[in-house]
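Asker: One structure is given below, represented as structure tokens, and several questions about it will come after.
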DNA sequence: GTATTGAGTGAACAGACGTTCACTGAAAGG
DNA sequence: CCTTTCAGTGAACGTCTGTTCACTCAATAC
């Protein structure tokens, strides 16, 4: 089972995982110049430095590879959000506390966010669905979190959901901009800060009854 | 010059324009199943019922065809917006007056909106730029319109621009949803109505000084 | 009535595509 | 130590790709 004593080479599983990672990274890089549906299995294989057939040892198709990338992207994203929400009560200002963390995560995972931004609207149907599902889950979590902290007691639960959706949609748009214009991060962030404030001032003055 | 008397066949220019339209429509239809970067010149030609080479008589590349589609989409969109803004003062409620018109236009031009939604993030760079440019123009027009009607006198001009951007971004998101779930138009619209109201309640209570 | 223009043709090209198959050879299992 | 497993190989297939070129032949121009 074990490889006995000191062995400089990797185990079988380690090598496989290394190739799998290389394939994921290559696909991410190649898709960045167009999109997932426009790249070919052979391009990916060539970039990895492996024969086209080897691809099938790891993924049944480019679409399944795409689903793996969605999974990977959102696993990291959710960890970041968990961190944001756990520390939220400590913030003197929720917006100023949270936005920079999101911006930092986008900066450090630009290619993943770029992938999500593109494939969310242009990817293969199953990939699109997977992304929308993940975003819907996050929206639901934000809604329960808003309800739990009692920040909007005058809201009906339906309206809390709509508010959460409004916020998530806005942050998605902001993330798209951070991806597209990495050099303008400071300005994008400053503008988003003001806009989110405008939006939340609306939240504070909103009453569900005035539908 | 003229074609003399009664002639059942089309003029040369008419035939050319008819083929051009067929190419635009074919590309729009084929890209709907993936995206512009993933379709081929030969697929388009086959769909039109013309030999691949004939494509070049109308467009130098698929990318230029994409730019033509952007142009076409936004020309129609701008006419609709002109109509919305001209009749805005008559509305008892601006939101209830405008949103249904936008929704109707999306319904009647679904393939164009789907194209814009996809290529906005996943299209060839020049196509993406063209779309963002058009959206920026519309945002600027909305800002001057908001400023002109004096609906937000307490706003700095920078904040009017940010508010306009917030509204346009939201409507873009709403349009994406109308495209993706045509069957839920009524619900999407009802939710968007509430969300836009939340947002604008924020606008009314916002003051530029509290940055 | 003759000359020009130009949208559409059809063959040809070199290369890339996805997928199949039988294979190798080192790591892991017993 | 011998056997099994399986990530990666390499050739082969039929099909599709963008682009070139010389061409036809009806509508237009003069």
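Asker: For chain B, what relative contact order do you get, as a whole percent, if you take Cα pairs closer than 8 Å and at least 6 residues apart?
Answerer: Relative contact order, chain B: 19 percent.
Asker: Within a 10 angstrom radius of the beta carbon, how do A:179, A:146 rank from fewest other beta carbons to most?
Answerer: Ranking A:179, A:146 by Cβ neighbours within 10 Å, fewest first, gives A:146, A:179.
Asker: Please give the calculated 222 nm ellipticity per residue for chain B, where each DSSP H segment of at least 4 residues contributes -39500 (n - 2.57) and the sum is spread over every residue; nearest 500 deg cm²/dmol?
Answerer: Mean residue ellipticity, 222 nm, calculated: -24500 deg cm²/dmol.
Asker: Can you bin segment A:20-78 into rounded, prolate or oblate? Criterion: square roots of the alpha carbon gyration tensor eigenvalues sorted a ≥ b ≥ c, rounded for a/c under 1.5, prolate for a/b above b/c, oblate for the rest.
Answerer: In terms of gyration-tensor shape, prolate.
Asker: How well do other chains shield peptide A:116-129, expressed as the mean number of their Cβ atoms within 10 Å of each residue Cβ?
Answerer: 4
Asker: For a footprinting-style exposure proxy, rank A:135, B:116 by other Cβ within 10 Å, fewest first.
Answerer: If I rank by nearby Cβ atoms, fewest first, I get A:135, B:116.
Asker: GNM, chain B, Cα, under 10 Å: largest mean-square fluctuation among B:86, B:126, B:110?
Answerer: B:86
Asker: Among the residues of chain A, which one places its Cβ closest to the rotation axis that maps chain A onto chain B, and what is that distance in whole Å?
Answerer: Spelled out as residue then distance in Å, it is A:202, 1.
Asker: Rounded to whole Å, give me the distance from the Cα center of segment A:66-90 to that of segment B:88-151.
Answerer: 31 Å
Asker: Taking each label point as 7 Å beyond Cα in the direction of the beta carbon, state the distances from residue A:43 to the same residue in the other copies, shortest first, in nm.
Answerer: 1.4
Asker: Then there is this: Counting alpha carbon pairs within less than 8 Å and at least 6 residues apart, what relative contact order, in whole percent, applies to segment B:133-211?
Answerer: Once normalised by length, the contact order is 33 percent.
Asker: Determine the shape class of segment A:76-159: with a ≥ b ≥ c the square roots of the Cα gyration tensor eigenvalues, call it rounded for a/c under 1.5, and otherwise prolate if a/b is greater than b/c, oblate otherwise.
Answerer: oblate
Asker: How far, in nm to one decimal, is residue A:107 from itself in the other copies if the label point is set 7 angstrom along Cα toward Cβ? Shortest first, please.
Answerer: Label-point separations across copies, in nm and ascending: 4.6.
Asker: Starting with the fewest neighbours, write out A:72, B:119 ranked by other beta-carbon atoms found within 10 Å of each beta-carbon.
Answerer: Lowest count first: A:72, B:119.
Asker: Something else about it: What are the label-to-label distances in nm, one decimal and shortest first, from residue B:158 to the same spot in the other copies, with labels 7 Å along Cα to Cβ?
Answerer: 4.0
Asker: Shielding of A:191-201 by partners, i.e. mean partner chain Cβ atoms within 10 Å per residue?
Answerer: 6
Asker: Let me know the shape class of the protein assembly as shown, please: from the alpha-carbon gyration tensor, a ≥ b ≥ c as square roots of the eigenvalues, rounded when a/c is under 1.5, otherwise prolate if a/b is greater than b/c, or oblate.
Answerer: Taking the square roots of the gyration eigenvalues as a ≥ b ≥ c, the protein assembly as shown is oblate.
Asker: Would you tell me the mean number of C-beta atoms belonging to other protein chains that fall within 10 Å of each C-beta in A:165-176, as a whole number?
Answerer: Average per residue, whole number: 3.
Every read-out reported here was derived from the displayed coordinates using simple, explicitly stated rules and does not represent laboratory data. Since we're looking at a predicted model, the values are computed, not measured. Here the Cβ is made from the backbone with ideal geometry for all residues, glycine too, and neighbour counts use every protein chain on show.
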